[in-house]
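Scroll down for the structure; my scribbles are underneath it.
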Amino acid sequence: MIDASEHYYHDDPNVGHPDVRTELPGVDYFFLGNGLIQAAVQCAPGGGATPLGVLVMNPDRLRKKREALTMDPVAGLGATMIRLGRGAAKGEARAGACQVTWLKHAPVPTVVARWAAGGLRVEEQFSCPSWQKPVLCRQVTVRNTGRSAQKIELRTGVRRAVLRRRLVLPPGGSRTLTIAYTLNRTADRVSCACVRRVPPDAAARKFWGGLAKVSFAHPMLDHFFSASKVQLPVGVSRAGCVDGSIWQYNLEWVRDQSVVALALTMIGASGPATTMLTRLLDRFVTPDGDTLDSSVKRNPADIELDQNGYLLCTLKDYVLWTGNLDLVRANWAKIVAVAEFPLRQVFRHPPSGLLANCREFWERHHAHGIRPGMELVYQVYVIEGLAAAAILARLTGHHAEALRWDHESARLKQAMLGDKRFRMHDARGFIKRRGLDGRVQETITADRGIGLPAAVPLGGRGPHRLNPDTSAALPIALGTIPPRSPLARRTMQSLEKLWNQDWKTGGYGRYDVTSEPDSPGGWPFASLFLARAAVEAGDDAKAWRILRWLGAVPGAGAGTWFEFYGRRLAPPFPQVGIVVWNWAELIVLYVQHILGVQPQEHGLRLRPRLLSGVKGAEATFVLRGRRLTLKVGRKSGRGRASFRTAAPVLPAGPGEVVVAYGRRPLTVVARV
């Protein structure tokens, strides 16, 4: 059984310099990197912390924020500031007076910071211009806006290493310096030095320039996609390593990484996606098909069974997007093991045929009061995963396996939806969990020895309710059931209870707050589950509410979001970090649901659904090595969507088109 102490940490954010804290007033973190180096530009306008600091990390060594290689135990990130000295006078970026944004139309992702001090204007540009070297470049331009010449000393550094340069600036004159932060991956150290200007190399331009482009002519929507597209690859090391939440867990999950690999595939970063999937199959799947969570192998009672389905669904989408079956062929034995593992007798509930154990989707377990039973999402993702595995089997000539997995997927779906006693829904819509006797597990009670803080809801007086749970939106988002069916409508209505439960800042909690063993608050990626389902269900108002909430919380300026928004009890829980899954979930929302780009077994399915108030969209993707251009506009009046393309069209349902795969660039013009 899982030891409850696994959930507790001892890193106290109140110990040390304020920069060691992840949550700072109004903070934005802009992430840069190339898989060999990971960096974040910290903009902290609220005071106390370094207003403009530079964090450099080794992406293959997952650590807390206080362990960033540029973090000094005493001075924090202070040494990384640019300071300008003129005799006794000094100038530097001040809290609240520094503007930091993404630089638009740059050949590689670039962050620009602007500030002023005593007749000087400073612009700093941060980027990783090399694809082959672990280097972050900082181009600093100092302009004299006064009427007399100024002699200044520019000073910066890393921890106790100080870098100085003397500058003479005539009236209206400027000087530009380039500072390179180089990561020595073997010694695990960062050095900084002044270098000649470093233009982006061809490999970096090719990678970043080749990624998908999406525009809705809507500032917030476009910012979210752009920020997610340029930061998602930064969360992945060149070896395929990804922290579940940067600075928070320092652990890896098959589930999280599957979603990240899916989104990388969608934006055209097929190289990193291939590396991630290869690594998952090699190191995070056992020979018998078990998958690791929190970088740990579990006993059957504590296995997160949805992970097998997540991985299989991603592998299927990877193949359909790229047309590359080599990864599947080379790892066929592992894929068979992943598909067969949840079908083992140890998980089978004989009366219903559903899958059962003692773990739930959000990682609560027996010590939290989770009793043996059937978890909704474990059924859903195994259903979808087996159907995905059957497609992979057909594409690779394994017809017997395809028939078996399609049959098992259909059998499990029938039990989940139709079994009179054990089906996973009732009058409320989808329910989270049933016990082995068929009764809905409505509440949990934590073991006394688990040591929960009294301040968390599950540590107080009950009842501690399990329903509703945002994971109930996933079968709607995935199309396991029709998104406008009565069951879907009841489910979405029941989930409304999760918005603003014990807080007033917005966002959906993971589940009913009374059963929260951690800190209450709104969760971005859980909220995005509902946004995906809402788009499918045609509930634009709900999707917009979630997106506007994401646009108002700390981190929105950079397009980086914390795991949740609320008061974190740290310790014993870890500080919240930047969840890579959030970027992936946003990309999936945009590509799969709003733009409706859904490669299928026999052709490309397109069924765009523009959100209300959005007039149109233009997007380019890489599909099977060819350019896909999609242009979506509004149709005047009522009626079915129309599509125009020069490619062969296959039979399709209303509101969609299925285009045969080909070898030429593809353009589709849609009116919806």
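The values are calculated or read from the model by the stated rules, or taken from the named source; none is laboratory data. Just so it is clear, the model here is predicted, and its values are computed rather than measured. When we count neighbours, we look across all protein chains shown, and the Cβ atoms used for this are built from the backbone with ideal geometry, even at glycine.
When you check GLU408 against the structure, is it among the acidic types (Asp, Glu), in a helix (DSSP H, G or I) and in contact (Cβ under 8 Å) with a residue 12 or more places away in the chain, yes or no? When the stated conditions are applied, GLU408 passes them.
Taking segment 1-26 as the search range and keeping residues that are at pLDDT 95 or above and not in a loop (DSSP other than H, G, I, E, B), which one is surrounded by the most Cβ atoms within 10 Å (Cβ to Cβ)? Looking at the filtered set, the residue picked out is ASP19.
Any idea which of ALA584, ALA570, ALA552, ALA558 is crowded, with 23+ Cβ neighbours inside 10 Å, in a loop (DSSP other than H, G, I, E, B) and either assigned by TED's automatic domain parsing to the domain that holds ASP502 or touching a His at 6+ places or on another chain (Cβ under 8 Å) (or both)? Spell out how you get there, then give the answer.
Working: ALA584 fails: in a loop (DSSP other than H, G, I, E, B); ALA570 fails: crowded, with 23+ Cβ neighbours inside 10 Å; ALA552 fails: crowded, with 23+ Cβ neighbours inside 10 Å.
When all the criteria are applied, what remains is ALA558.
Taken as a whole, the structure leaves SER237 outside the set of residues that are outside any loop (DSSP other than H, G, I, E, B) and polar (S, T, N, Q).
Assigned by TED's automatic domain parsing to the domain that holds GLU23 and over 26 Å from GLN42 (Cβ atoms) - does that describe any residue in segment 181-197?
Residues of segment 181-197 that are assigned by TED's automatic domain parsing to the domain that holds GLU23, as a first pass: 181-197.
Going one step further and asking which of them are over 26 Å from GLN42 (Cβ atoms), we end up with 186, 196.
Checked segment 181-197: at least one residue is assigned by TED's automatic domain parsing to the domain that holds GLU23 and over 26 Å from GLN42 (Cβ atoms).
Residues in segment 27-61 that are touching a residue at least 60 places away in the same chain (Cβ under 8 Å), part of a loop (DSSP other than H, G, I, E, B) and touching a strand residue (DSSP E or B) at 6+ places or on another chain (Cβ under 8 Å): VAL27, LEU36, ILE37, ASN58, PRO59. With respect to (1) under 30 Å from GLY460 (Cα atoms); (2) touching a residue at least 40 places away in the same chain (Cβ under 8 Å), the lone exception for GLU496 is condition (2).
One line per residue, one yes/no per condition, for (1) closer than 17 Å to ARG567 by Cβ; (2) out of contact with any strand residue (DSSP E or B) (no Cβ under 8 Å at 6 or more places or on another chain):
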| residue | (1), (2) |
| --- | --- |
| SER485 | no, yes |
| GLU496 | no, yes |
| TYR511 | no, no |
| PRO520 | yes, yes |
| GLY538 | no, yes |
| LYS542 | no, yes |
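Return yes when ARG175 is closer than 13 Å to GLU124 by Cα, in the same structural domain as ARG66 (by TED's automatic domain parsing) and at pLDDT 95 or above and no when it is not. Answer is yes for this residue. Kindly list, by first and then second residue, each pair from a residue in segment 607-620 that is of a type in the set (Phe, Trp, Tyr) to a residue that is at pLDDT below 95 and surrounded by 15 or more Cβ atoms within 10 Å (Cβ to Cβ), limited to pairs with Cβ atoms under 7 Å and residues at least 6 apart or on different chains. Filtered contacts from segment 607-620: no entries. In segment 249-337, counting only helices (runs of 4 or more DSSP H) that sit wholly within it, the ones holding 1 or more residues that are within 23 Å of the chain's Cα centre (by Cα) and not small (Gly, Ala, Ser) span 254-266, 270-283, 306-322. Screening ALA446, ALA488, ALA455 for residues that are in the same structural domain as TYR590 (by TED's automatic domain parsing) and part of a helix (DSSP H, G or I) leaves exactly one candidate, ALA488.
Could you name every one of the strands (runs of 3 or more DSSP E) located completely within segment 609-655 that has at least 1 residues being farther than 23 Å from ALA212 by Cβ and in contact with a Lys or Arg (Cβ under 6 Å, 6 or more places away or on another chain)? Break it down stepwise before answering.
Working: elements: 616-623, 626-633, 642-644.
In segment 609-655, the matching strands (runs of 3 or more DSSP E) lie at 642-644.
So is ARG624 under 25 Å from the mean Cα position of the chain (by Cα), in contact (Cβ under 8 Å) with a residue 12 or more places away in the chain and surrounded by 15 or more Cβ atoms within 10 Å (Cβ to Cβ) or not?
Working: under 25 Å from the mean Cα position of the chain (by Cα): yes; in contact (Cβ under 8 Å) with a residue 12 or more places away in the chain: yes; surrounded by 15 or more Cβ atoms within 10 Å (Cβ to Cβ): yes.
In short, yes.
Screening VAL669 with (1) free of Cβ contacts under 8 Å to residues at least 40 places away in the same chain; (2) β-branched (Val, Ile, Thr); (3) surrounded by 23 or more Cβ atoms within 10 Å (Cβ to Cβ) gives one miss only, at (3).
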